[in-house]
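Notes follow once the structure below has been shown.
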Amino acid sequence: AIFFDDVTPGDLLPVDTWVSFSVDMTGVPGTEGHVFNAGAGDLVYINGDFAGWYPWYGGVNPADAPPQYQLFPNGGGMIYTNTFLLPKGTSVNRSYRYGLGYDNGSGVHGAVDDDTAGSTNRTRVVRSTATGAYAMPLDKFGAQYGEPFFNPFATGDGQLQMEMPSGGAV
């Protein structure tokens with residue numbers, strides 16, 4: 001079988017999978033000129049292909065971030081997290097970014113695309129579906145991680161090949 005756009009079965013999630021994203025907000029410049037502080041109304045959101053790339057606040061058509069894409073403190077610290085269901089048949093590679101929002105008491109505003117420079121998306125790969133859940137590696141807000149995700153046009157990089165799922169691992 002030939003798949004559209006050279007997609008093979010190993011490029012797709014074989015089962016519905018809960019995927020957790022988490023980001024370290026330690027020392028991040030927050031809104032209103034202070035260090036990120038949930039107590040001061042700072043909020044963190046995720047946007048990405050699984051969220052339909054909703055519009056960032058402050059653009060041509062500003063919109064508040066959908067509340068379901070807000071991340072919350074994990075254990076009361078500076079690690080913020082949320083988990084999303086990615087349906088069977090979607091791509092194992094995910095593109096996303098984090099953004100800051102602000103709640104000034106009269107409503108939530110944001111989020112704005114302020115995590116990565118130059119409109120660069122983060123790209124990560126769901127590497128296991130054995131339990132129907134997968135935790136993406138911890139991100140650091142504002143520090144883009146270069147996932148080893150290769151293609152024929154990335155001639156300066158090594159080669160990575162996705163295989164068929166085996167025992168729940170991709």
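Key figures for this structure:
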item: Stretchable slack from Ser20 to Ala135, in nm (0.36 nm times residue separation minus alpha-carbon distance); result: 40.9 nm
item: Theoretical gain in end-to-end length, Ser128 to Met164 [0.36 nm per residue, Cα-Cα removed]; result: 11.8 nm
item: Asn121 versus Asn74: modelled label distance in nm, points set 7 Å from Cα along the beta carbon direction; result: 2.3
item: In nm, spacing of pseudo-spin labels at Ala63 and Thr83 (7 Å Cα→C-beta vector); result: 2.7
item: Size of segment 34-94 as Cα extents on the principal axes (Å, biggest first); result: 40, 34, 17
item: Length gained when the stretch Glu32-Leu12 is fully extended (0.36 nm per residue, less Cα-Cα span); result: 3.1 nm
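Rule-based calculations on the coordinates, nothing more; no lab input. Quantities reported herein were computed from a predicted structural model and do not represent experimental measurements. Methodologically, a virtual Cβ is constructed for each residue, glycine included, from the backbone with ideal geometry; neighbour enumeration extends over all protein chains shown.
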